[in-house]
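Visitor: Please find one structure pasted underneath; my questions will follow.
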Amino acid sequence: MPEVSGKKLTMVTCSAPVNIAVIKYWGKRDEELILPINSSLSVTLHQDQLKTTTTVACSRSFQEDRIWLNGKEEDITQPRLQSCLREIRCLSRKRRSDGEADVDAAGLSHKVHICSVNNFPTAAGLASSAAGYACLVYTLSRVMGVEGELSAVSRQGSGSACRSMYGGFVQWLMGQQGDGKDSLAQQVEPETHWPELRVLVLVVSAERKPVGSTSGMQTSVETSILLKHRADSVVPARMKEMIEAVHKRDFTAFAELTMKDSNQFHATCLDTYPPIFYLNDVSRRVINLVHRYNRHYRETKVAYTFDAGPNAVIYTLQQNVEEFVQVVKHFFPPETNGGHFLKGLPVAPTTLSEELKQAIGMEPMVKGICYIISTKAGPGPRVVEDPSEHLLGSDGLPKESA
Ligand code: DP6
């Protein structure tokens, strides 16, 4: 065991996935506990392509809790970080007083050093806060000997983070209680359930989003009548239909519900006063492209969804991936770096029929899309066993590469 100033150092590294909602969470009924006004459902993406990695070290010699995110030290007093730390320490204390935890479970009276990195651009609308808080809570729980239900803790870091605590298809039940104890994430189906389902992240812009989701949804709750209608009268039925579509692997139903729910979420943004615009011209072109592609085949083969940013996330089945990627390349030609346009799971090039190109009939837009990440559904958080992958050195400070 490494030591700092002669004191024992406990260190754990974990990784956690991004998730992309197909029934969106937008709006809170309790800002502090992060309780939503509607349930939501997402697909956890594979960590081979998108993940956060976090190392937590714990030692009696540390003077204070500290955190480094993507190479930069950040303010640990931020309320949401404090909520997660407090909740995990509280669960650890409880386990210890119940005699369940390892007496040596570290960290109760000790301070922690936290170091976290993403393997994708932060705040580009790629749900980095979800993977980030899920990873933080999961890693803290391992260091402090806490087991069991943790989604109610990660929810207090960022609402959507509770869904990243599980792999596959995950629902976040809004719950009814004032204390939020029943506002939890649950796995609907594991990632192995629908192996043909594929995901393409079309990265439109890697810039920071103009209105963050936290403040955006707050204004929507205050001003949008459509949002209230959505939460009360649309989402409950849609959740049931979506769960059924997932159970049955019914792609047409899954895809149509996904697109309608994304469109309604962005409609509530427009109904917010002043309005919020997350979609840009490229996003709207992707929407048109998908509908024209599906119309050509008279079949819903591809679906889009957009979060609080312009990037499109495409859901489709494996047999359509090659052609649809070629369609994206054709209508959004990369300027020079054609070789780096496609990241993630390999996709073989193919040729498009003139008929299809004509049916889509759009003017190509050079550089509209920066790159595509090709991925699929994947598992929940995991412990990284290889000690060489720790992001903190034996002195408890970030390694050069972190
Ligand atoms: C559009 O979870 O980022 O991605 O709870 O305030 O941290 P906070 O918001 P956040 O909101 C995510 C909104 C969304 C839809 C979704 O993921 O369900």
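Visitor: Out of the residues in segment 326-339 that are more than 27 Å from the chain's Cα centre (by Cα) and modelled with pLDDT of 85 or more, state the one that is least open to solvent (accessible area, probe 1.4 Å).
Guide: That would be F331.
Visitor: Can you go through V246, V204 and tell me which one is closer than 20 Å to G167 by Cα, under 19 Å from the mean Cα position of the chain (by Cα) and outside the structural domain of A21 (by the TED database)?
Guide: Just one listed residue meets the conditions, V246.
Visitor: Same structure, new question: How about segment 370-400: which of its residues are in contact with a helix residue (DSSP H, G or I) (Cβ under 7 Å, 6 or more places away or on another chain) and modelled with pLDDT under 95?
Guide: Y371, I372
Visitor: Would you mention how many residues in segment 363-398 are surrounded by 14 or more Cβ atoms within 10 Å (Cβ to Cβ) and either touching a residue at least 60 places away in the same chain (Cβ under 8 Å) or among the aliphatic types (A, V, I, L, M) (or both)?
Guide: The total comes to 24.
Visitor: Among K260, K357, K343, which is the only one that is under 26 Å from A130 (Cβ atoms) and free of Cβ contacts under 8 Å to residues at least 40 places away in the same chain?
Guide: Matching residue, one of K260, K357, K343: K260.
Visitor: Could you give every pair whose Cβ atoms fall below 8 Å, whose first residue belongs to segment 67-96 and is on the phi > 0 side of the Ramachandran plot, and whose second residue is open to solvent by 70 Å² or more (accessible area, probe 1.4 Å) and more than 16 Å from the ligand (Cβ to nearest atom), counting only separations of at least 6 or pairs across chains?
Guide: none
Visitor: State yes or no: is R66 more than 18 Å from L126 (Cβ to Cβ), at pLDDT 95 or above and open to solvent by 40 Å² or more (accessible area, probe 1.4 Å)?
Guide: Yes.
Visitor: Y273 is checked against (1) in a loop (DSSP other than H, G, I, E, B); (2) among the hydroxyl-bearing types (S, T, Y); (3) buried (at least 19 other Cβ atoms within 10 Å of the Cβ) and fails just one. What number does that condition carry?
Guide: With respect to (1) in a loop (DSSP other than H, G, I, E, B); (2) among the hydroxyl-bearing types (S, T, Y); (3) buried (at least 19 other Cβ atoms within 10 Å of the Cβ), Y273 is out only on (3).
Visitor: From the list L342, L279, pick out the single residue that is in contact with a His (Cβ under 9 Å, 6 or more places away or on another chain), open to solvent by 20 Å² or more (accessible area, probe 1.4 Å) and in the same structural domain as S262 (by the TED database).
Guide: Criteria check complete, one pass: L279.
Visitor: So, one more: Give segment 171-186 a look and list any residue that's of a type in the set (S, T, N, Q) and crowded, with 18+ Cβ neighbours inside 10 Å, or say none.
Guide: Q171, S183 - these are the residues of segment 171-186 that are of a type in the set (S, T, N, Q) and crowded, with 18+ Cβ neighbours inside 10 Å.
Visitor: Also, quick follow-up: Taking segment 148-189, which residues are of a type in the set (G, A, S) and in a helix (DSSP H, G or I)?
Guide: S151, A152, S154, G159, S160, A161, S164
Visitor: Now a separate question. Residues that are within 30 Å of G212 (Cα to Cα), surrounded by 15 or more Cβ atoms within 10 Å (Cβ to Cβ) and charged (D, E, K, R): does segment 296-306 have at least one?
Guide: no
Visitor: For the list (1) assigned to a loop (DSSP other than H, G, I, E, B); (2) touching a strand residue (DSSP E or B) at 6+ places or on another chain (Cβ under 9 Å); (3) crowded, with 21+ Cβ neighbours inside 10 Å, I need the number of the one condition that G309 fails.
Guide: Every listed condition holds for G309 apart from (2).
Visitor: Please find, among V290, V286, the residue that is touching a residue at least 60 places away in the same chain (Cβ under 8 Å), open to solvent by less than 20 Å² (accessible area, probe 1.4 Å), touching a strand residue (DSSP E or B) at 6+ places or on another chain (Cβ under 6 Å) and β-branched (V, I, T).
Guide: V286
Visitor: Take segment 202-230 and flag every residue that is open to solvent by less than 30 Å² (accessible area, probe 1.4 Å), away from the ligand (no atom under 13 Å from the Cβ) and either at pLDDT 95 or above or not in a loop (DSSP other than H, G, I, E, B) (or both).
Guide: L202, V203, S224
Visitor: If you scan segment 138-185, which residues turn out to be β-branched (V, I, T) and touching an Asp or Glu at 6+ places or on another chain (Cβ under 8 Å)?
Guide: V153
Visitor: If a residue has to be of a type in the set (D, E, K, R) and within 16 Å of the ligand (Cβ to nearest atom) to count, how many in segment 141-164 make the cut?
Guide: 2
Visitor: Taking segment 3-60 only, how many residues are open to solvent by 10 Å² or more (accessible area, probe 1.4 Å), at pLDDT below 95 and not in a loop (DSSP other than H, G, I, E, B)?
Guide: 5
Visitor: Would you pick out the residues in segment 69-90 that are among the aliphatic types (A, V, I, L, M) and modelled with pLDDT under 95?
Guide: L69
Visitor: Quickly run through segment 377-395 and pick out the residues that are touching a Phe, Trp or Tyr at 6+ places or on another chain (Cβ under 9 Å) and farther than 20 Å from N70 by Cα.
Guide: A377, P379, G380
The values are calculated or read from the model by the stated rules, or taken from the named source; none is laboratory data. If you're wondering where the values come from, they're calculated on a predicted model, not measured in any experiment. Note that we place each Cβ from the backbone using ideal geometry, even for glycine, and neighbour counts take in every protein chain shown. For the accessible areas, the whole protein counts, side chains as well, though only heavy atoms, and no ligand, DNA or RNA atoms are used. Shrake-Rupley method; radii C 1.70, N 1.55, O 1.52, S 1.80 Å.
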